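The values are calculated or read from the model by the stated rules, or taken from the named source; none is laboratory data. Bear in mind that the values here come from a model prediction, so they are computed numbers and not experimental data. Here Cβ is always computed from backbone atoms with ideal geometry, including for glycine, and neighbour counts include all displayed protein chains. When the accessible area is computed, the model is the full protein with side chains, heavy atoms only, and any ligands, DNA or RNA have been set aside. Shrake-Rupley method; radii C 1.70, N 1.55, O 1.52, S 1.80 Å.
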Amino acid sequence: MGCQYKKLVPCIYLYKGNAVKSLSDITIIDTDPVSLAKYYSDNHGDELLIFDMSKGDAEHEEALDTIKAICQIAEIPVIGAGHVNRMEDIKKLLYAGCKKAALNYSKPGNIAITEEVSKKFGKEKIAVCYEETETILEFQHLLDEYVDELILIDAAALRKSGKEWKGEAQILALLPEVSLDKLIEILSMPSMCGITGYAVNENVKEITAIKSLCQENGIKVNTFEAAFRWEDFKLNSDGQIPVVVQDYKTDEVLMVAYMNEEAYQMTVHTGKMTYYSRSRQELWVKGDTSGHYQYVKSLTADCDMDTVLAKVSQVGNACHTGSYSCFFHEIVKKEYEETNPLKVFTSVMEVIEDRKIHPKEGSYTNYLFEKGLDKILKKLGEEATEIVIAAKNPNPNEIKYEIADFLYHMMVLMAEKGVSWEEIIEELAKR
């Protein structure tokens with residue numbers, strides 16, 4: 001038993017479209033849970049736990065839409081919990097984008113479907129919420145075989161669970177406000193993989209400092225550890241190093257800036273891109289004035305160790321002009337065919353979506369939209385069959401054309417159902 005590192009996990013209690021204070025207190029703390037999720041993600045939460053507290057199916061469907069939006073914007077794994085009564089509910093949480101979905105072991109029906117959902121979706125995608133230590137001790141064999149993580153709802157059972165649980169799955173403890181000494185004590189328990197709830201939510205701005213405290217106490221946490229010291233870089237005559245900044249999703253070059261030693265150390269420590277302004281001769285945290293922060297995804301030095309490539313999650317725009325990228329003055333350009341797969345897919349998708357909004361006479365795409373879903377599905381099925389036939393023929397070019405036809409019709413279906421390539425790519429990346 002043992003985890004790679006101990007986690008600090010913010011938690012959103014979702015009730016009637018709002019984020020409320022806790023499972024037992026529906027005081028609204030934020031009317032925009034999606035923005036709150038982004039805030040928790042940007043402030044270095046390791047994961048995000050969401051409790052769907054909805055009553056009834058209609059409310060539940062609205063909550064699932066919110067959870068889907070959260071999963072799309074939060075750049076950390078999401079655990080979905082609450083309103084689970086059957087395997088279909090686990091599927092909906094996972095299809096919404098959750099990394100894991102949690103069964104509620106206070107419901108006998110949830111216990112009964114543990115094996116089924118684990119075999120269907122994979123053990124690594126299943127968590128279990130519980131309140132009493134006796135529950136997990138009674139079902140230890142079932143949990144060991146089919147569950148990846150336990151979520152302790154009642155902090156009163158924390159000490160007993162910490163001492164008596166010897167199973168494979170580790171415990172994420174939902175905690176009220178606790179002292180730093182108590183927090184360190186809890187995270188030091190071998191059976192605990194992390195903490196969540198009010199104790200994290202109220203201290204989310206201090207997560208970096210809390211992680212530093214954990215490290216000082218010998219607790220492994222998820223934080224940046226630079227492989228190179230400042231002395232390892234070859235600096236320019238001003239004692240600085242240039243930094244080329246890219247969007248981590250698209251690889252678009254956003255800007256170029258400079259770091260001195262203090263900016264480098266702050267960037268590594270805080271996870272926010274920090275530069276040295278040569279014009280103002282002062283440290284510059286990108287976004288402190290505009291709100292357009294850049295959150296570090298990776299830092300890489302070039303072969304000569306005299307330039308840094310930073311891949312970032314960009315909030316808003318990188319350029320002070322309001323442009324997303326600082327690079328927009330075209331000097332010369334030779335026409336070429338785009339070969340980046342995602343850019344090609346996105347470009348074709350934009351044309352298809354435009355046809356849906358602005359019909360064009362004689363357009364085959366519009367013909368498909370006008371005929372409706374059944375016609376689109378019929379054509380998609382026909383193209384899939386053509387791929388199978390082409391694959392049996394010796395000429396490899398034939399299958400290339402058939403796959404392209406299939407992908408086109410698939411994109412028409414995606415546009416009809418409101419699914420983007422970004423969502424497909426994100427889903428594939430999770431697998």
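Observations on the structure shown:
One line per residue, one yes/no per condition, for (1) part of a strand (DSSP E or B); (2) in contact with a Lys or Arg (Cβ under 9 Å, 6 or more places away or on another chain):
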position: Gly97; (1), (2): no, yes
position: Glu116; (1), (2): no, no
position: Val128; (1), (2): yes, no
position: Leu143; (1), (2): no, no
position: Ile151; (1), (2): yes, no
position: Gly162; (1), (2): no, no
position: Val178; (1), (2): no, no
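- Qualifying residue in the range 321-340 (condition: crowded, with 19+ Cβ neighbours inside 10 Å and among the hydrophobic types (A, V, I, L, M, F, W, C)): no
- Take the conditions (1) in contact with a helix residue (DSSP H, G or I) (Cβ under 6 Å, 6 or more places away or on another chain); (2) among the charged types (D, E, K, R); (3) more than 15 Å from Val308 (Cβ to Cβ); Glu282 misses just one of them, which is (1).
- Taking the criterion of being touching a Phe, Trp or Tyr at 6+ places or on another chain (Cβ under 8 Å), over 29 Å from Ile73 (Cα atoms) and outside any loop (DSSP other than H, G, I, E, B), the residues of the range 219-252 that qualify are Trp230, Ile241, Pro242.
- Of Gly239, Gly218, all but one fail to be modelled with pLDDT of 95 or more and either touching a Gly at 6+ places or on another chain (Cβ under 7 Å) or among the small types (Gly, Ala, Ser) (or both); the exception is Gly239.
- Qualifying residue in the range 53-60 (condition: of a type outside the set (Phe, Trp, Tyr) and under 19 Å from Ile153 (Cα atoms)): yes
- The range 253-268, residues that are surrounded by 15 or more Cβ atoms within 10 Å (Cβ to Cβ) and either in a loop (DSSP other than H, G, I, E, B) or in contact (Cβ under 8 Å) with a residue 24 or more places away in the chain (or both): Val253, Leu254, Met255, Ala257, Met259, Asn260, Glu261, Tyr264, Gln265, Thr267, Val268
- Scanning the range 273-307 for residues that are surrounded by fewer than 17 Cβ atoms within 10 Å (Cβ to Cβ), assigned to a strand (DSSP E or B) and touching a residue at least 24 places away in the same chain (Cβ under 8 Å) yields Lys297, Ser298, Ala301.
Every residue, every condition in (1) in a loop (DSSP other than H, G, I, E, B); (2) without any contact (Cβ under 8 Å) to a residue 60 or more places away in the chain, yes or no:
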site	(1), (2)
Ile387	no, yes
Glu398	no, yes
Tyr401	no, yes
Val412	no, no
Val419	yes, yes
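- Qualifying residue in the range 219-231 (condition: surrounded by 15 or more Cβ atoms within 10 Å (Cβ to Cβ), touching a helix residue (DSSP H, G or I) at 6+ places or on another chain (Cβ under 7 Å) and more than 24 Å from Asp46 (Cβ to Cβ)): yes
- Among the residues of the range 210-233, those that are of a type in the set (A, V, I, L, M) and closer than 28 Å to Leu14 by Cβ comprise Ile210, Val221.
- Scanning the range 188-215 for residues that are acidic (Asp, Glu) and either assigned to a helix (DSSP H, G or I) or in contact with a helix residue (DSSP H, G or I) (Cβ under 9 Å, 6 or more places away or on another chain) (or both) returns a single hit, Glu206.
- Residue check, Leu373 under 30 Å from Gln72 (Cα atoms), within 34 Å of the chain's Cα centre (by Cα) and open to solvent by 40 Å² or more (accessible area, probe 1.4 Å): yes
- Enumeration of residues in the range 72-81 that are touching a residue at least 60 places away in the same chain (Cβ under 8 Å) and surrounded by fewer than 23 Cβ atoms within 10 Å (Cβ to Cβ): Gln72, Glu75
- Glu168 vs. criteria over 20 Å from Asp52 (Cα atoms), among the acidic types (Asp, Glu), open to solvent by 50 Å² or more (accessible area, probe 1.4 Å) and outside any loop (DSSP other than H, G, I, E, B): no
- Unique match (being among the aromatic types (Phe, Trp, Tyr) and open to solvent by less than 50 Å² (accessible area, probe 1.4 Å)) among Tyr95, Tyr146: Tyr146
- Filter pass, Glu361 being free of Cβ contacts under 8 Å to residues at least 40 places away in the same chain and over 34 Å from the mean Cα position of the chain (by Cα): yes
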